Structures are given as C-alpha cells and as structure tokens.
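One structure below.
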Amino acid sequence: MKKFYLTSPIYYVNASPHIGHAYTNIICDSMARFRRIKGEDVFFLTGTDEHGEKIQKAANKEGVAVKNFIDSKVDIFKQLWPKLNISYDFFVRTSWEKHIKVVRAVIEKLYKKGDIYKSKYNAFYCIGCETFWTKLQLKDGDICPECGRKTEKIQEENYFFKLSKYESWFKKYLKNNPKLIQPKIRYNEVKSFLDNHSLTDLCISRPKKRISWGIELPIDQEYIVYVWFDALINYISGIGYGFDQEKFNRFWPADIHFIGKDILRHHAIFWPIMLKALDLEIPKSIFAHGWWKIKEEKISKSKGNIVNPFELVNQLTDLLGGNQELAADAFRYFLMREILIGADGNFSFKALINRINSDLANDLGNLVYRSLNMAQKYNAGKVKSIKKDIPSEFKESLAKLEKDYDNFMVEGEFCKALDNLFELIGVINKYIEDTKPWNLKKEQKEKELFSFLYAICEGIRVISIYLYPIMPKTALSIQKQLGIKDISFSTQEAKWGNSDNFLIKKEKPLFPRIDVS
Ligand code: ME8
C-alpha cells in the first residue's frame, strides 16, 4: 500500500487559534481524506509549537506558570480540530519528552559533524516572528520586514548551524527539483532570494540568561535551542525518528508540508538543509498557501483582527438548524471553494452566507432533498436499477469530473475540483426540471420514471464520494439517506452504476437557506 505523509505547521500557543489556522488544517484534512479514499496509507501530523520568547512572555503577561499556560492553550487546539471534522493521526507537542530527546540528539549529531559552532552575534530580533534579521533587511531602521513590528538589537555569543556550507548543494537541488516548493510563485520567490543573497549561518541558540523557556542545548547548559530549529524537527519526531525507526522508515520523507506563505523561508531553506546535514531525505514538496485577510489586511493575532472559528461554527450551527457537523462542513466548503489555494482572499460573513445559500442550500441541498422526496413519493423510497445507462445530459460533466478530479486534488486545487463537482450538481438539477417526472408519474410511464429515479440517486451517490474529502459529514449523511448499506467513499466506488438499488431514508434538508436580512 502506498504511503502518504502530510503535515500542517505546528501552531504557536501564545494565543487561541483563528480561521487562518483552521484554513491550513482544513486543507490538510481534505488532502488526507482524499488520499485515504484512494486507498493510501495516510499519516497526517499536526501539533503545537510551545517554546520560545513569545510564549514565555504571553504566560508572564497572564501571570501563569508557562507549563500551565501552554497546556490550557493546547487544549483549545485539541478541541477545535474535531469540531471542524479534522481527522489527524497524531498531535505532536514540542514540550513532549520524546520530541525534546530528538531535538537534542539532532544537535549532538550536527555538532559532532562540525556543522554547529560557537561565535559572536550581532543582529536584530523580531519576537513576533521569532526571527533574526540583518541591518540590511530591516525596514525604516529597525522594523521587521515580515510583520512591521519593532525589532530588538541583540549582541551575544551563540551557536550557529552552517547553512552556508550547504548553499551550493541546495541551489543545485532546487534547480533539479522544481516541484519542491509550490505553487510556482513561491518556488520563484525562494529561487530569487537565493540568487540575490548568500546564506548566512543560522543562529540556533538563545542564552538562558535572556530566555529560559525552551529545550536545553545538549552541548552547552547555558543555552536553549532556537524555537524554529526546535519546531521544524517535529516533522521527524512526530513519526518516530530516533525512537520508532520502523514507523519513521515507513513514512519519511514527507509527501507534503502544508504551510502559509509567511513561513516559507524557514521551511523552504532551513529545513531541507537541516535534513541534508542529517543525511535524511528531502520532503517531496512544501506547499505554501495564501492568506485570509479582512479588508485587505492579513488576519493575525498581532493585528487583533481575528475571526474565532469556534464562535463562527456555533453561529452557523444555529443558523443551519442545529447540526454542528454539517455547519463545520459548510465552513470548510466556503474556505476551500472561495479562493484558489495559492491566492489571498478577503473573509466576510456576508460572503460566507452567500456561498452557503447559493451552493449548499440551493444547488446541493435542494438536489438531495427533492430527489429523495420524489423517490419516496413516487415509489415509497425504493429505487432499483432497471437500466444503468448514464443519462446523456450527465455525460460531459461526469467525464470531466472523472478526468480532472484526481489531478486537481493531487495538486491541492480543491477549488477547481469543487467547480467541476458543482457543475455536475447543476446538470442534475436541470435534468430534473427538464424531465418533469411528475408528468411521467401522471402518465404512468413507470419504466421511464424508475430509470429517472435511479439516475438521480446514483448521481447523488457519485457526488457524495467526490464531496467527501471536503465535506465528510455531509457525504456521510447523503449516503445514509440513500440507504446505502455498505457506506463507502473509496474513489473506486465512484464509478457510475456501482449501486444496484437504494432504500431512501430522507431527513430534513441538509442546508436550509439562511436569512440574515
Ligand atoms: O508560524 N491566512 O505558527 P503560527 C491563512 N509555530 N493562514 C494563516 C493565517 C492567515 N491569515 N494566519 C495564520 C508558526 N495562518 C510556527 C510554525 S512549523 C514548524 C512552526 C496559518 O501559530 C498558516 O498556516 O504563527 C501559517 O503559516 C500558520 O498559521 C502560522 O501559525
């Protein structure tokens, strides 16, 4: 069985998650579910980044012990993921004792190899981004070029990892592996950065006298490990590097690291070089998606313009008649459909409601509800396949879906896959209107009526499989309402005609229209 290993970033626990974090994990979850239904052995890793100055400061500000502070924040992330129907396989924490051991072993190995050394350091530090900058990189004297906050000038002795030693290897590797960084625009960004800058060695320690919340450096007790160096290692500790070699060998290298474009440099430059130094394989791809914004400004904790995903899903649950799982699916659908994966998008409640009303209430919900309603009304919910021919009206969109869906999903182009799927939904809705089954009933054209009922139910079943990665609970509800005994979302089952009959158990509409006037 083919393996597929994918990761989300591990999120800082200095504040609660917002819809940006939700977005990345919904992308990961959609990919994980898609790969599972293709029959692959999937491992989806998510988790939390719990060390560093920013977290220490946040805990101090609340006047709580750092350990208590992080535990309470981690709980919030762990509550959010099931609420959004996220099916991760393991939740890694950087305060986890096994992760700590791995980080220390990595540093010892690189130190012995001569890739880590001690030196004096002069730089500007942005606590918000936990990143060092050189004077030349700063904006307006001392401003962080990434987030626009003031940096702090720092002069101290520290330990460094020899990024520069691997620069020419990495440039060549990148040239030969254009799919390493996706989408193309991010690949070009990294390539042009490397063309225009030489890599300086990475400072990987912090003196304890300045900051104490972190993993002690195994080679010098006066220091802790730089939070990014610690955090990136989660991708190997999370699958057992150094303590569960069998699992590690099974899943490494990662097939895809999903991240936001804000943390591209750390993943696309530091991480492959760290792996090369460790003699480990390089991930197959690093995919940096765009940002959700509000009025053109990135949604972020520091800007204070966050949208709380718990509140949003609760609100949608009320508006959609009380089913939280379907409300979460509606939210997932909006995030995946509204923007192309590499692009930025503006979030608004109005846009969310419009999407739900037009696509989920009108198109999908209406198709399912009225189809099942007709099956119940015209033949007591019993639908049989007298003939399994695909109605000619469906052929073009079904063929398009069959041809392109896999490709779009493999590439993370969820929006395009959904475009095709909703085209088919539109076609079946139109087919119902054009066929006018109420006349078939009146004229007692039983054969035609039964063929019609089979065609629309089979169409809905096929749709439920393609929909599953993005809207898993909706897909499940559809199959239950169709009365499918052996519920399955395997892509192999998506073939037209795989079902012989249905025994409809219609429920209330999946997505009622929301009136927020
Ligand atoms: O950077 N739109 O953690 P973090 C879309 N701990 N996605 C967004 C977003 C937005 N407005 N805001 C945040 C860290 N994200 C490090 C990562 S990994 C080894 C260490 C998402 O809590 C996006 O995935 O700041 C982004 O890269 C991530 O959250 C940053 O999360």
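Residues in segment 374-412 that are outside any helix (DSSP H, G or I) and among the basic types (Lys, Arg): 382, 384, 387, 388.
Does residue 167 satisfy being within 16 Å of the ligand (Cβ to nearest atom) and surrounded by 15 or more Cβ atoms within 10 Å (Cβ to Cβ)? Against the criterion (within 16 Å of the ligand (Cβ to nearest atom) and surrounded by 15 or more Cβ atoms within 10 Å (Cβ to Cβ)), residue 167 does not qualify. Pairing each residue of segment 330-359 that is in contact (Cβ under 8 Å) with a residue 60 or more places away in the chain with any residue that is hydroxyl-bearing (Ser, Thr, Tyr), provided the two are 6+ apart or on different chains, yields C-beta distances under 8 Å for 332/30; 335/23; 336/30; 356/333; 359/333. Once segment 298-346 is narrowed to residues that are under 21 Å from residue 186 (Cα atoms) and among the β-branched types (Val, Ile, Thr), the residue that is modelled with the lowest pLDDT is 299.
Kindly indicate whether residue 136 is assigned to a helix (DSSP H, G or I) and at pLDDT below 95. The answer is yes for residue 136.
Of 482, 453, 440, all but one fail to be over 25 Å from residue 313 (Cβ atoms), crowded, with 19+ Cβ neighbours inside 10 Å, of a type in the set (A, V, I, L, M, F, W, C) and in contact with a Phe, Trp or Tyr (Cβ under 6 Å, 6 or more places away or on another chain); the exception is 482. Determine if segment 342-365 includes at least one residue that is in contact with a Cys (Cβ under 6 Å, 6 or more places away or on another chain) and more than 24 Å from residue 514 (Cα to Cα). No, the conditions are met nowhere in segment 342-365.
Kindly indicate whether residue 129 is part of a loop (DSSP other than H, G, I, E, B) and buried (at least 20 other Cβ atoms within 10 Å of the Cβ). Yes. If you go through segment 25-45 and keep only what is of a type in the set (A, V, I, L, M, F, W, C) and either within 15 Å of the ligand (Cβ to nearest atom) or under 18 Å from residue 283 (Cα atoms) (or both), you end up with 26, 27, 28, 31, 32, 42, 43, 44, 45.
In the set 177, 234, 196, only one residue is surrounded by fewer than 21 Cβ atoms within 10 Å (Cβ to Cβ) and under 30 Å from the mean Cα position of the chain (by Cα); that residue is 177.
Checked against the criterion of being within 15 Å of the ligand (Cβ to nearest atom), touching a Phe, Trp or Tyr at 6+ places or on another chain (Cβ under 9 Å) and closer than 22 Å to residue 129 by Cβ, the candidates 159, 241, 235, 223 yield just one match: 235. Listed by first and then second residue, the pairs linking a residue in segment 128-142 that is in contact (Cβ under 8 Å) with a residue 24 or more places away in the chain to a residue that is more than 16 Å from the ligand (Cβ to nearest atom) and assigned to a strand (DSSP E or B), with Cβ atoms under 9 Å apart and 6 or more places separating them unless they lie on different chains, are 132/121; 132/123; 132/124; 132/154; 132/203; 134/122; 134/123; 134/124.
Regarding segment 385-400, can at least one residue be identified that is modelled with pLDDT under 95, over 28 Å from the mean Cα position of the chain (by Cα) and of a type in the set (Asp, Glu)? Scanning segment 385-400, I find at least one residue that is modelled with pLDDT under 95, over 28 Å from the mean Cα position of the chain (by Cα) and of a type in the set (Asp, Glu), so the answer is yes. State yes or no: is residue 75 charged (D, E, K, R), closer than 30 Å to residue 411 by Cα and surrounded by fewer than 24 Cβ atoms within 10 Å (Cβ to Cβ)? Taking the combined requirement at face value, the residue does not satisfy it.
Matching residues to (1) more than 30 Å from the chain's Cα centre (by Cα); (2) over 30 Å from residue 409 (Cβ atoms):
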| site | (1), (2) |
| --- | --- |
| 439 | yes, yes |
| 447 | yes, yes |
| 464 | no, no |
| 470 | no, no |
| 478 | no, no |
| 495 | no, no |
| 502 | yes, no |
| 507 | yes, no |
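The sole residue among 48, 7 that is near the ligand (Cβ under 9 Å from one of its atoms), farther than 28 Å from residue 65 by Cβ and assigned to a strand (DSSP E or B) is 7.
Taking the listed residues 15, 22, the one that is of a type in the set (A, V, I, L, M, F, W, C), surrounded by fewer than 22 Cβ atoms within 10 Å (Cβ to Cβ) and either within 12 Å of the ligand (Cβ to nearest atom) or over 30 Å from residue 488 (Cα atoms) (or both) is 15, with no other qualifying. Where strands (runs of 3 or more DSSP E) fall entirely within segment 254-342, none has at least 3 residues that are away from the ligand (no atom under 13 Å from the Cβ), touching a Ser or Thr at 6+ places or on another chain (Cβ under 7 Å) and closer than 30 Å to residue 353 by Cβ.
The values are calculated or read from the model by the stated rules, or taken from the named source; none is laboratory data. Please read all numbers here as calculations on a predicted model, not as lab measurements. Every residue, glycine among them, receives a Cβ derived from its backbone with ideal geometry; neighbour counts consider all protein chains shown.
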